[in-house]
Amino acid sequence: MRATARAHSNIALIKYWGKRDETLILPHNSSLSVTLDTLYTTTSIAFQTGLDRDLFILNGKPASEKERLKVSRFLDLIRGLADVTLFAEVVSENVFATGAGLASSASGFAALSAAATHALGIELDGKDLSKLARRGSGSATRSIYGGFVEWQKGVQPDGEDSYAVPIASADDWDLHMLIVTVDEAAKDISSRDGMRRTVETSPFYPAWLETIDQDLAEVKTAIYEKDFQKLGEVAERNALKMHATTLASNPPFWYWQSETLLVMNTVKRLRAEGTLAYFTIDAGANVVVLCQARNTEKIREQLAQIPGVRDIVMAKPGPGVTILDHDDHDEKR
Ligand code: PMV
């Protein structure tokens with residue numbers, strides 16, 4: 001009845017933006033990401049007697065009631081699968097800032113899905129685990145796998161065909177990501193609320209949907225051809241397009257801070273000077289810079305000089321979700 005799992009965060013090159021079903025978390029568009037090696041969540045769970053509700057300890061402290069309820073509702077789905085009524089204690093550690101656009105919900109719900117199902121003896125394959133993780137947070141769907149991962153949106157109303165598929169290993173890719181933190185505070189508008197407002201009010205949203213398949217096809221070609229420049233160009237363009245939909249929403253909103261723009265400008269300048277680098281930004285102020293090994297140090301030095309840049313973490317493509325053994329579990333508890 002106990003287990004520990006680790007799942008890594010991912011950064012979308014083609015963004016998931018907009019839900020067609022808010023309860024089942026079904027997207028309007030397919031998306032594609034890279035799993036990150038240095039950003040991850042380790043989650044231990046113990047279903048036990050004597051608890052009158054689920055407990056959720058996040059980064060050493062009891063989580064907020066809102067977070068606890070989110071986890072508890074998610075565990076209800078898993079209890080339903082196993083026909084179990086026991087409550088659980090969940091202890092989760094992130095190695096990165098939570099809720100600041102670095103996809104902690106992705107690694108968090110992917111790790112929780114694996115740990116909770118393992119603890120209850122439910123055996124799910126990658127496809128079913130990815131469908132389950134989706135119910136916690138859309139981007140968690142993709143964190144089940146390592147390397148390059150596509151979340152196929154599916155068309156069925158029940159979501160049975162909406163899951164992640166690993167499309168390519170990134171092992172022999174020269175792909176580095178610099179995660180540039182400019183704002184460690186949790187964002188004002190959650191991705192959930194931001195998506196809803198965009199879908200309901202942004203006149204740019206139909207254009208987003210009209211052009212997404214083309215972006216997805218281009219990024220896949222870049223992946224199969226190992227074409228870094230093409231990958232970066234499509235990813236940057238797609239991220240800007242997503243953020244443009246928020247600017248055109250009513251009322252308008254944006255996730256960027258002034259430092260976000262400074263980082264974007266620096267990447268653009270470096271590129272004009274001949275250093276290949278591209279940026280992408282999720283629903284937050286932080287920026288992920290895509291680059292190649294030979295330029296990593298130079299780019300990092302330039303970014304570190306920007307006032308307001310708090311932290312730069314290097315990442316490479318990382319692995320999918322794993323169950324850790326019981327010794328790791330005991331160490332964590
Ligand atoms: O999974 P959520 O609800 O945190 O949504 C993530 C949305 C983006 O990060 C902006 C894009 C993506 O595909 O990860």
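Counting only residues that are open to solvent by 10 Å² or more (accessible area, probe 1.4 Å), more than 13 Å from the ligand (Cβ to nearest atom) and closer than 21 Å to Thr41 by Cβ, segment 1-31 holds 4 of them.
Checking the stated criteria, Ala222 turns out to be open to solvent by less than 20 Å² (accessible area, probe 1.4 Å), touching an Asp or Glu at 6+ places or on another chain (Cβ under 9 Å) and away from the ligand (no atom under 16 Å from the Cβ). Residues that are surrounded by fewer than 24 Cβ atoms within 10 Å (Cβ to Cβ) and outside any strand (DSSP E or B) were ranked within segment 158-171; the one that is farthest from the ligand (Cβ to nearest atom) is Asp171. When you check Gly136 against the structure, is it buried (at least 22 other Cβ atoms within 10 Å of the Cβ) and assigned to a loop (DSSP other than H, G, I, E, B), yes or no? For Gly136, the condition - buried (at least 22 other Cβ atoms within 10 Å of the Cβ) and assigned to a loop (DSSP other than H, G, I, E, B) - is met.
Within segment 119-157, the set of residues being closer than 18 Å to Ile323 by Cα, within 13 Å of the ligand (Cβ to nearest atom) and out of contact with any strand residue (DSSP E or B) (no Cβ under 7 Å at 6 or more places or on another chain) comprises Ala133, Ala140. Each residue in segment 143-157 was checked for being open to solvent by 40 Å² or more (accessible area, probe 1.4 Å), in contact with a Ser or Thr (Cβ under 9 Å, 6 or more places away or on another chain) and not hydrophobic (A, V, I, L, M, F, W, C), and 4 pass. If you check Ala207 against the conditions, is it under 16 Å from Cys291 (Cα atoms), open to solvent by less than 60 Å² (accessible area, probe 1.4 Å) and modelled with pLDDT of 95 or more? In short, no. Out of segment 32-44, which residues are open to solvent by less than 10 Å² (accessible area, probe 1.4 Å) and more than 16 Å from the ligand (Cβ to nearest atom)? Across segment 32-44, the qualifying residues are Thr42, Thr43, Ser44. Within segment 256-272, can you find the residues that are in a helix (DSSP H, G or I) and in contact (Cβ under 8 Å) with a residue 40 or more places away in the chain? Ser258, Glu259, Thr260, Leu262, Val263, Thr266, listed by residue number. Within segment 234-246, being open to solvent by 60 Å² or more (accessible area, probe 1.4 Å) and either outside any helix (DSSP H, G or I) or touching a helix residue (DSSP H, G or I) at 6+ places or on another chain (Cβ under 8 Å) (or both) holds for one residue alone: Arg237.
Can you name the residue in segment 45-94 that is more than 22 Å from Ile323 (Cα to Cα) and assigned to a strand (DSSP E or B) and is also least open to solvent (accessible area, probe 1.4 Å) among such residues? Only one residue tops the list, namely Pro62. Considering the conditions (1) within 15 Å of the ligand (Cβ to nearest atom); (2) at pLDDT 95 or above; (3) open to solvent by less than 10 Å² (accessible area, probe 1.4 Å); (4) of a type in the set (A, V, I, L, M), Ala100 is excluded by exactly one of them, (2).
The values are calculated or read from the model by the stated rules, or taken from the named source; none is laboratory data. It should be emphasised that the depicted structure is a prediction, and the values quoted were computed from it without experimental measurement. Here Cβ is always computed from backbone atoms with ideal geometry, including for glycine, and neighbour counts include all displayed protein chains. Areas reflect the complete protein model, heavy atoms only, side chains present, ligands, DNA and RNA absent. Shrake-Rupley method; radii C 1.70, N 1.55, O 1.52, S 1.80 Å.
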